[in-house]
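**Student:** Sharing a structure below in structure tokens format, with a few things to ask.
No lab work stands behind these numbers, since they all come straight from the coordinates. These numbers were taken from a predicted model, which means no experiment stands behind them. Methodologically, a virtual Cβ is constructed for each residue, glycine included, from the backbone with ideal geometry; neighbour enumeration extends over all protein chains shown.
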Amino acid sequence: MTFLRDISFLWSMLHIAALYLLLFAPRCSWRTTLICSSAGIGTLTVINMLLMARQGPVGIMHLAFFTCTIPSLLLFFLLSKHRDGRFFFLFCLTDTISFWLMQITNLMDRMAGNTYVVLFLSRLVLFPVVEFLLWRYLRRPYLELQEKLKKGWWLFTGVGGTYYLLLMVTAVPVDTPLPDAAGLLQVALVMLLMPLTYLTILHSLWRQMRMYENSRQMELQQRDYNAVCQKMELTQIYRHDMRHHLATLDELLQQGNSDGALQYVRTLNGGLESLTHPAECANSTINAILTAYIVQAADAGCSVDTKISLPEKLPFEETDLCVILANSLENAIHACRDLPGEQRQIRLEMELTENGRLIVSVENPCPRQVFFDSNGLPEVPKRENHGLGLPSIRATANKYGGLFRCQWETGRFILRVVLIPLEPAKPPVRRTGPLTYGILVLLLCLILLNCLPSLANALEEIPVLGTVVRVVDLRTYTLAWKDGVRSTPAEWNRIE
């Protein structure tokens, strides 16, 4: 049955490369990458199979670092787009996953009688299953992670390299005796800690990237918000100075200089044209944001139909409102740029309900059908500085425990957001746990026993309970001399 062992080894070698290519960012085209990697991995596989036939499975396990790991590392380093900590971490990740699977299947075969049948069948199934899971759940976020996050990889590479060495040291090759109980415990601990560590690393990297993107998005929104506020302030200054402009016009007309008055009016009108916009509602923040983006929409040839019913004060942070409106309107304007002029129509509705909930709805034309992923976000190609607006809106809705929904209906893309006012923060209620109650009861018993000697003496006469009472009775540990005899006050009472 040794041919099953050899086939399972060959199967594992091929899938080590497959696992790596799933998360790989190539330097060249995928066609060139697949041709070069297939040629290189095929050559290494043949060499390792010949060495295995000559040295045996134990010998090839000892030589694998030099005959498999180093050559494949050099091969993929030449083909990789990233030649820094990102490459080395990915190499350690895929290699350790592969060796982890090989070790697991080896131990399963040992427990089944070392017939190589379980070894072959388990590897035949586990490698494709792991590859499917990586493709389904990890590939897209990991590729995005590699593109967006360029620092902090070397530390995690060191962790991955350490686990690689641990697996190589603690591995139990095929056809070798199993170690003793202590050795098996070491193997089990390494096998358990490795996936937990990698999950922690990937989660940490993902959170770090999201925090960076959110902070950058907030900075951009804050900058736009500040610019809008400056425009609004400048508009107020123009309105405040209007009486001076009217006085100037009156003087020009009194002098009979109608041409000068007309030119002054035209100059004044041109200065106000880019600053003024009819107020949409009583809230100044909403007006400021809409002023900026309605002007952008007009520049792009889009018309914005608004239906807004909002009071002057809203129970939400101004920056959060800016995130929702700015991102949604910017996406709608961007979607309309490639459409004919008569179709560039955006509809915005905002309403504050009686129970304080803010409902925002943005619609824009979208002739092509949109498909959504499991998170309810549109499945669109990832591009630089794109694809962050909707996740930012969703994060804002989640902050207020609200609702976020995207949908496509008959050529229209609809975004709806509902914000729920946050309840005032209540002081945390400190609940007393059972341990605290136990300690208080013990202290109360201690006080009663030591303040009521007669109660303590009565309880000490009870079997079993008396032993416990004497332990907590402080008189037991108070030594003194009486009539030349060293004894305790409790003994004095019993003698008397």
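**Student:** May I ask you to evaluate 6.51 cos²θ - 1.76 cosθ + 1.60, the Karplus curve with θ = phi - 60°, for each residue of region 457-466 and list the ³J(HN,Hα) values in order in whole Hz, giving x for glycine and proline?
**Tutor:** Per-residue couplings from phi come out as 5, 5, 6, 5, 7, 7, x, 6, 5, x Hz.
**Student:** Oh, and also: Which percent of Cα-Cα pairs in region 278-423 sits in each 10 Å bin, short to long?
**Tutor:** 11, 43, 36, 10, 0
**Student:** Hey, another quick one. Compute the Cα gyration tensor for region 96-138, then decide on rounded, prolate or oblate, letting a ≥ b ≥ c be the square roots of its eigenvalues: rounded whenever a/c is under 1.5, prolate when a/b is larger than b/c in the other cases, and oblate in all that remain.
**Tutor:** Because a/c hits 1.5 or more and a/b exceeds b/c, region 96-138 counts as prolate.
**Student:** Apply the Karplus curve 6.51 cos²θ - 1.76 cosθ + 1.60, θ = phi - 60°, to the phi angles in region 112-123 and return the couplings in whole Hz, x for Gly and Pro.
**Tutor:** Each residue's phi maps through the Karplus curve to give 8, x, 6, 9, 6, 5, 5, 4, 5, 5, 5, 5 Hz.
**Student:** OK, next. For Val159 and Leu262 in one chain, what is 0.36 nm times their gap in residues minus the Cα-Cα distance, to one decimal in nm?
**Tutor:** 29.5 nm
**Student:** Taking +1 at the Cβ of each Lys and Arg and -1 at the Cβ of each Asp and Glu, which of Leu310, Ala335, Ile393 sits farthest along the dipole of region 278-423 towards its positive end, judged by Cα position relative to the Cα centre?
**Tutor:** So the residue we want is Ala335.
**Student:** Calculate the radius of gyration of the Cα atoms of region 2-215 to one decimal place, then report Dmax, the largest Cα-Cα distance, as a whole number, both in Å.
**Tutor:** For region 2-215, the Cα radius of gyration and maximum Cα-Cα distance read 17.5, 58 Å.
**Student:** For region 318-331, what does the Karplus curve 6.51 cos²θ - 1.76 cosθ + 1.60, with θ = phi - 60°, yield as ³J(HN,Hα) per residue in whole Hz, taken in order and with x for Gly and Pro?
**Tutor:** 5, 5, 5, 5, 5, 4, 5, 5, 5, 5, 5, 5, 5, 4
**Student:** Could you check the simple spin-label distance between Asn398 and Lys307, using points 7 Å along Cα→Cβ, in nm with one decimal?
**Tutor:** Distance between label points: 3.1 nm.
**Student:** Which shape class, rounded, prolate or oblate, goes with region 109-158 when its Cα gyration tensor gives a ≥ b ≥ c as root eigenvalues, a/c under 1.5 marks rounded, and past that a/b bigger than b/c marks prolate?
**Tutor:** Cα axes put region 109-158 in the oblate bin.
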